[in-house]
């Protein structure tokens, strides 16, 4: 395996000298793609062309379409998650797009470990989770992402506010921002569709360039949230 | 093979045996505590990553490296207590089937570094059986040092993830990793060819 050393260049922003060729990496062109047919192939190409035009909003203009396109534009191709009802359309569309390697993990910590390893190996990732999942991460943030200066990008679907029906969810939600603030982590609560692309795109770029984690909290005002009996 | 029929080996010794076999800049992720202390003591390599916390994440971190660099073999060294914290990761790895990931479990049945307290699995659970049950079909106990080396060779020749477990003694790690997380991470990235030094 080690004999096949692909000569490729790193993704912009990932390295300090992207013009140098780097061993062991695959290019987007050589990476195996699981395209399911010419129609989807054409759609993927069209999406990539769209995503290359900075500032252009994505597809149907939905919050999840904008998140997907923003991930793609920033070369974030590895997206492990612990699912959440609100995140379902985003997760479904990530699975349908061959650009992404996306899969469920048993715990959020595991997903953070995976994208941290991937970053060190030259591939960008982001983790999707729910508020209650974020609450399991304090040790991993404080012992891995922050001290090793890893640009961990987290999308957190916010439960526990604006119509929460589960008391436990509303309580655990109150721990999230104090934990983020106690580690001085960058975080934004996104409430407006017209601000989503700007906040997400800029925050991802800032995380990468400053080598620091960021949490993007998807508020029910943006996503609709989850309401009783669903 | 049942764990009870295997030889009790020494972590530093088997770590040295593993490192001696690495000829292609293979990555090695060392789990928290004694596991990475012995990796450090076996001789620092630019492709070594040492965890200073985040107990249980050696396999997930190594999986991430393996997904980022599919043409490089990636090893992960983990203790039994650490693995017990993140058993779900075994199923994730079994699902993704990375061809280049080799997991090594050092099982002494105790939390050596905190005072040698027995783990909840000690004497009752079989970690290889757990791995097999999690879907990692290429999982085995190493009977002795020679068998360990044979299993490493086998793991480096197959196109599926492998897990090798060994019973080890209760000795502490031989060295102590320099606790400089930024330098550890940066040098690892240099070692993987992701970055150039300033």
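Laboratory data are not the source of any read-out in this text; all were calculated from the coordinates shown. This is a predicted model, so every value here is computed, not measured. Glycine gets a Cβ as well: all are built from the backbone with ideal geometry, and neighbour counts include every protein chain shown.
Tabulated values for the structure
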| quantity | calculated |
| --- | --- |
| Among beta bridges that DSSP assigns inside chain B, antiparallel share in %, nearest 5 | 10 |
| The protein assembly as shown: antiparallel DSSP beta bridges as a percent of all, rounded to 5 | 10 |
| Residue B:21 versus residue B:5: modelled label distance in nm, points set 7 Å from Cα along the beta carbon direction | 2.1 |
| Relative contact order [Cα under 8 Å, 6+ residues apart], the stretch A:59-223, whole percent | 24 |
| Per principal axis, descending, Cα span of the stretch A:95-230 in whole Å | 43, 32, 28 |
| Convex hull (Cα only) mean projected area of the stretch A:158-230, reported in nm² to one decimal | 5.2 |
| Förster radius 30 Å - calculated FRET efficiency between residue B:145 and residue B:99 (Cβ-Cβ, nearest 0.05) | 0.70 |
| Potential extension, residue A:193-residue A:95 segment - 0.36 nm per residue separation minus Cα distance | 33.0 nm |
| At R0 = 45 Å, FRET efficiency that the Cβ-Cβ distance of residue A:205 and residue B:137 yields, to 0.05 | 0.60 |
| Dimensions in Å of the protein assembly as shown - Rg and Dmax from alpha carbons | 21.5, 64 |
| MRE, 222 nm, helices only [DSSP H, n ≥ 4, -39500 (n - 2.57), over the protein assembly as shown, to nearest 500] | -11000 deg cm²/dmol |
| Projected area averaged over orientations for the stretch B:125-179, convex hull of C-alpha atoms, nm² | 5.7 |
| Average beta-carbon neighbours from other chains, 10 Å sphere, peptide B:188-198 | 6 |
| Overall dimensions of the stretch B:47-198 as given by Cα atoms, namely Rg and Dmax in Å | 15.6, 51 |
| Whether the stretch B:1-102 is rounded, prolate or oblate, judged on the alpha carbon gyration tensor where a/c under 1.5 counts as rounded | rounded |
| Segment residue A:221-residue A:104, extension gain: residue separation times 0.36 nm, minus the distance between their alpha carbons | 39.5 nm |
| Whole-Å distance, taken between Cα centres, linking the stretch A:56-106 and the stretch B:54-94 | 24 |
| Separation of alpha-carbon centers, the stretch A:154-224 and the stretch B:107-186, rounded to whole Å | 37 |
